[in-house]
Amino acid sequence: MNARVAARAGLALLLLTGLTLAAEPDFAREARLADEIVDAILDGDPEWLMAGGREFLGIYTEADDATAGVLILHGRGFHPDWADTVNPLRVGLVEHGYSTLSLQMPVLGKDAKYYDYIPIFHHAHARIEAGVKFLRDNGYKKIVLLAHSCGAHMAMDWIRAKNDRGIDAYVGLGMGATDYRQPMHRPFPLDWMHVPILDLYGAEEYPAVIRLAPGRKAMIEKAGNPKSRQLVLPDANHYFTDQGDPLVAAVADWLGRL
């Protein structure tokens, strides 16, 4: 067994026994991402929020006569204006009457995998809470938490720790994505959530996301909210590449039925 395999095996053992490792996000990389995107933002305004004694970037895009605020969490290693999934949603939902706040989530190096990220999930908690507070302070009485891929893992970790009383609905995109031989270390808390849930994934998703879909559906049904749904978007992959319009339409249609 080489050193890398041994390290991963050790991390898996710690996770399974309920222990956590002291780990920090790559704050320098987050700063570089912010430098790359802030001046290029065409829709919305950068907002510097505080979490854990540090500033982090959010992008606030306001809708006229908004009916709710949508807090958007991007996938692994990306940023709050990522071209696939995130930008179409944070801009497109505004046209349907929803203001959006897209957050920079904790990131690691480009080669980091699912098991590398698990020890930093807790760093997302304060960022989510800062985002919720920002939207509440700006007058939004209804808040939707929308999370993609690794962002969904972070959102579920926050809900597991804090419950879902701070939000009014949850949208999970591509939920359950991990890496080869790195299964989810804990199930999502979908079976006891109170808010309506939309579990949306593409027909061309990663195999694990599709394989786990029946289990997620059963948990959502167990929670018992009649407004919850599981939907499959035809022709979409895990990143919803070139599917921004259908993605926004599907999410907006579900939100409009709440």
Classify the range 200-258 as rounded, prolate or oblate from the Cα gyration tensor: take a ≥ b ≥ c as the square roots of its eigenvalues, call it rounded if a/c is under 1.5, otherwise prolate when a/b beats b/c and oblate if not. oblate
Please report Rg (one decimal) and Dmax (integer) in Å for the Cα set of the range 114-258. 14.7, 44
21 Å tail of the calculated P(r), the range 167-243, as % of Cα pairs: 27 percent
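Within 10 Å of each candidate Cβ there may be at most 14 other Cβ atoms; applying that plus a DSSP loop requirement, which trypsin sites (Lys or Arg not before Pro) in the range 129-211 survive?
Details: sites: 133, 136, 141, 142, 160, 162, 165, 181, 211; in loops: 141, 142, 165, 181.
Those satisfying the criteria are 141, 165, 181.
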Please build a GNM for the chain, connecting alpha carbons under 10 Å apart, and tell me which residue among 159, 120, 41 fluctuates the most. 41
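Report the FRET efficiency, 1/(1 + (r/R0)^6), for residue 179 and residue 204, where r is their Cβ-Cβ distance and R0 is 22 Å, rounded to 0.05. Mind dumping the intermediate values first?
Details: r = 18 Å, r/R0 = 0.83.
Result of the calculation: an efficiency of 0.75.
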Once the principal axes of the Cα atoms of the range 3-256 are found, what is the range along each, listed largest first in whole angstroms? 54, 41, 34
Can you compute the helix-only [θ] at 222 nm over the chain? Use -39500 (n - 2.57) per DSSP H run of at least 4 residues, normalise by all residues, nearest 500 deg cm²/dmol. -10500 deg cm²/dmol
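With contacts defined as alpha carbon pairs under 8 Å and 6 or more residues apart, what's the relative contact order of the chain in percent?
Working: 458 pairs, mean separation 43.3, N = 258.
About 17 percent, as a whole number.
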Taking alpha-carbon centroids only, the range 77-119 lies from the range 156-208 a number of Å equal to 15 Å
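Coordinate-derived values only; no laboratory data. For clarity, every value in this text was computed on a predicted model and none was experimentally measured. Using ideal geometry, Cβ is built from the backbone for each residue, glycine included, and neighbour counts are taken over all protein chains shown.
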